[in-house]
Amino acid sequence: MIISTDLANIAPPLAALAAGLISAVLYGRKRRWIDAALAGVAGATLAVALADVRLPAGAAAPLAVSTEAGRISASDLYAIPAASSIVLSGDGVREAEWRDLPARPLQWKPAAADLLWLDFPRSMSVGRIFTLTVRRSWAPGQWRLQLLAENKQVLADSGLAAETQLSVQWLPPVAETMVLQARLLDKNGKTIAQGPVPLQVKDAVPLQIQGRFDAPSFDARALNQLLSDGGAVLDWNVTLGKSITRSETARAPLVAANAMFVDAAYVEHLTAVARAALLAQAGKGVPLVVLGGNASDAGMWQRDFGLSLRQQSPTTEKEDMRQFGALSLPPAQLNPAESVAAPWSVLARDGRKQPWLWQRGVARGRVVWVGVADWHKYAISAPQALALWWQSAMDLIVLDGVQKTVWQMSDPLPAPGLRSEVCAQGVKAGTALAAEGYAAMALAARADKADAVCAAFWPQKAGWVKFSAEGMAEQGEEYVYAAGDWPAWQKALRRDATLQYAARSAPRAAGQRADATAAMAEPNASAGVADGGNWPGVRAAGVLFALMLLALWWREQRQIGGADDRL
């Protein structure tokens with residue numbers, strides 16, 4: 001047995017034992033020996049009942065738990081807290097179930113299996129490329145991945161390969177909610193696995209862009225067209241001549257600009273005071289993006305921006321071309337060196353690892369240098385490739401669109417009967433969460449999600465579930481998979497969660513302290529890990545204490561009634 005020696009724990013039982021001994025002495029002075037014995041035993045039993053007496057860890061037996069059905073039985077759930085360890089068979093359970101259980105050492109040897117992991121965005125904006133990646137635990141031969149539309153039409157095909165991971169890409173044409181299909185085929189065309197791929201395509205939050213250009217160029221015109229086609233709100237001004245400008249007034253007020261685009265000539269033609277003001281404006285948080293194709297004053301850039309530019313060599317023109325898939329773009333005539341000095345740094349490289357985008361921080365903002373040119377040549381010959389290239393560039397250099405409220409659905413594979421989680425960003429804790437066909441829920445703060453509030457959710461059936469909460473700009477949607485969807489993926493998720501639980505409950509080395517984070521994450525992990533369950537004699541001591549008090553009470557009543565009992 002193990003008895004706690006902490007003063008706060010041993011003080012109550014010591015007080016009870018002392019009270020029992022004092023009572024026994026007082027009864028003994030009156031020669032009431034039976035009452036003295038009863039009082040002494042009562043004090044001792046109360047002390048045992050109050051003491052934190054536990055069995056050593058070895059006294060609690062390991063518990064055999066079967067998860068062949070994908071669940072832990074109710075009887076095993078009740079028995080795990082008192083077990084010294086878990087002997088697991090099957091693939092384990094999902095993370096939500098392991099999270100509710102106290103940590104116990106795990107004995108588990110999973111059998112070899114063909115597992116799947118799917119990775120894809122559940123929600124995206126129109127104009128973004130949808131990428132589906134499927135990874136297998138092993139690939140015995142060539143196989144292919146296909147993405148199918150709801151009418152079973154093939155949208156994308158990876159082609160045959162003997163890799164363990166394949167990907168396909170597709171550009172959704174319109175904003176809608178859909179359930180696509182992914183299909184894995186072997187080299188003979190036999191289906192290995194197939195299942196749903198839910199996707200919500202939403203209208204993009206319009207970007208708010210300022211543009212100032214001191215020289216007309218086809219590149220600036222092509223960029224303007226790409227931004228306009230993407231629904232951006234533009235405040236655009238191009239100087240066409242000495243006193244002629246072309247202005248495009250924003251169709252709506254620019255409340256919070258996402259970026260300001262300028263050409264190098266615009267900055268070079270400003271006065272020193274105006275350049276300082278431009279830099280100060282960038283320091284307030286709005287990125288200043290410089291198209292370096294028409295730069296000519298290297299001294300000004302070094303002096304006012306700390307950017308060292310060097311002339312591109314005409315003898316290495318072909319070698320210096322930047323490659324972006326189907327696009328091949330020449331570098332600007334003046335560009336920073338590959339090993340640019342601080343405070344500047346390389347932000348992006350092309351397919352051949354050559355830098356083409358540089359940046360430096362300015363207070364809360366930054367300045368970005370675009371070191372390629374002539375992308376307008378692909379506006380007709382390869383418009384989609386050009387749009388995708390600029391989209392990737394905008395992801396790097398432009399602030400995100402303003403969204404005050406956002407739904408967060410982090411469960412990779414919600415299934416009926418399994419606990420899922422719905423989170424919302426931008427609303428307060430305690431806000432009511434409503435789901436069609438379900439009882440009302442309340443969003444609560446989570447320690448691991450400082451900027452969001454969440455609610456536990458148990459789906460009842462497969463299909464789309466819509467959520468709403470006061471303060472959210474739009475409804476949230478989550479797709480619930482059927483119990484039989486993607487069995488190999490479900491098995492992989494259960495094994496991943498089980499491995500995480502095993503790491504959480506792994507025995508620590510002697511003298512090693514648990515860190516504070518693990519202690520907070522496992523508030524129930526102490527019972528049965530360092531020691532076993534409560535000693536069964538504690539309950540017996542409690543019952544015996546009650547009997548001693550009853551006997552004392554009965555004898556006191558006899559004494560009051562006049563019965564002479566000197567014993």
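The values are calculated or read from the model by the stated rules, or taken from the named source; none is laboratory data. The structure presented is a predicted model; accordingly, all values stated were derived computationally and were not measured. Backbone-built Cβ (ideal geometry, glycine too); neighbour counts: all protein chains shown. With ligands, DNA and RNA removed, areas are computed over all heavy atoms of the protein, side chains included. Shrake-Rupley method; radii C 1.70, N 1.55, O 1.52, S 1.80 Å.
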- [ ] Identify all residues within region 332-345 that are in contact with a Ser or Thr (Cβ under 9 Å, 6 or more places away or on another chain) and open to solvent by 20 Å² or more (accessible area, probe 1.4 Å); write none if there are none.
- [x] GLN333, ALA337, VAL340, ALA341
Open item on the list: Just the residues that are open to solvent by 80 Å² or more (accessible area, probe 1.4 Å), in a loop (DSSP other than H, G, I, E, B) and of a type in the set (S, T, N, Q), please, taken from region 152-167.
Closed with: GLN153
Task: Tally, over region 236-260, of residues that are out of contact with any Gly (no Cβ under 7 Å at 6 or more places or on another chain) and not in a loop (DSSP other than H, G, I, E, B) - done: 8
Open item on the list: Regarding region 112-125, can at least one residue be identified that is assigned to a strand (DSSP E or B), small (Gly, Ala, Ser) and within 24 Å of PRO383 (Cα to Cα)?
Closed with: yes
- [ ] Spot the failing condition for LEU291; the list is (1) at positive phi; (2) at pLDDT 95 or above, and only one is missed.
- [x] (1)
- [ ] Would you check which residues across region 290-308 are open to solvent by less than 30 Å² (accessible area, probe 1.4 Å) and farther than 20 Å from SER345 by Cβ and list them?
- [x] MET300
Task: Test set (1) of a type outside the set (S, T, N, Q); (2) over 22 Å from THR177 (Cα atoms); (3) at pLDDT below 95 - ALA483 fails condition number - done: (2)
TODO: Among residues belonging to region 309-344 that are of a type in the set (A, V, I, L, M, F, W, C) and in a strand (DSSP E or B), point out the one that is nearest to TYR378 (Cα to Cα).
DONE: LEU327
TODO: Could you list all residues from region 214-235 that are open to solvent by 10 Å² or more (accessible area, probe 1.4 Å), assigned to a strand (DSSP E or B) and not charged (D, E, K, R)?
DONE: VAL233
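Residues checked against (1) touching a helix residue (DSSP H, G or I) at 6+ places or on another chain (Cβ under 9 Å); (2) part of a strand (DSSP E or B); (3) under 18 Å from PRO487 (Cβ atoms):
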{"residue": "ALA103", "(1), (2), (3)": "yes, no, no"}
{"residue": "GLY127", "(1), (2), (3)": "yes, no, no"}
{"residue": "LEU132", "(1), (2), (3)": "no, yes, no"}
{"residue": "GLN146", "(1), (2), (3)": "no, yes, no"}
{"residue": "GLU150", "(1), (2), (3)": "no, no, no"}
{"residue": "GLN169", "(1), (2), (3)": "no, yes, no"}
{"residue": "MET178", "(1), (2), (3)": "no, yes, no"}
{"residue": "ALA182", "(1), (2), (3)": "no, yes, yes"}
Task: strands (runs of 3 or more DSSP E) within region 358-448 that include 1 or more residues in contact with a Gly (Cβ under 8 Å, 6 or more places away or on another chain) and touching a residue at least 12 places away in the same chain (Cβ under 8 Å) - done: 365-370, 406-408, 420-425, 444-446
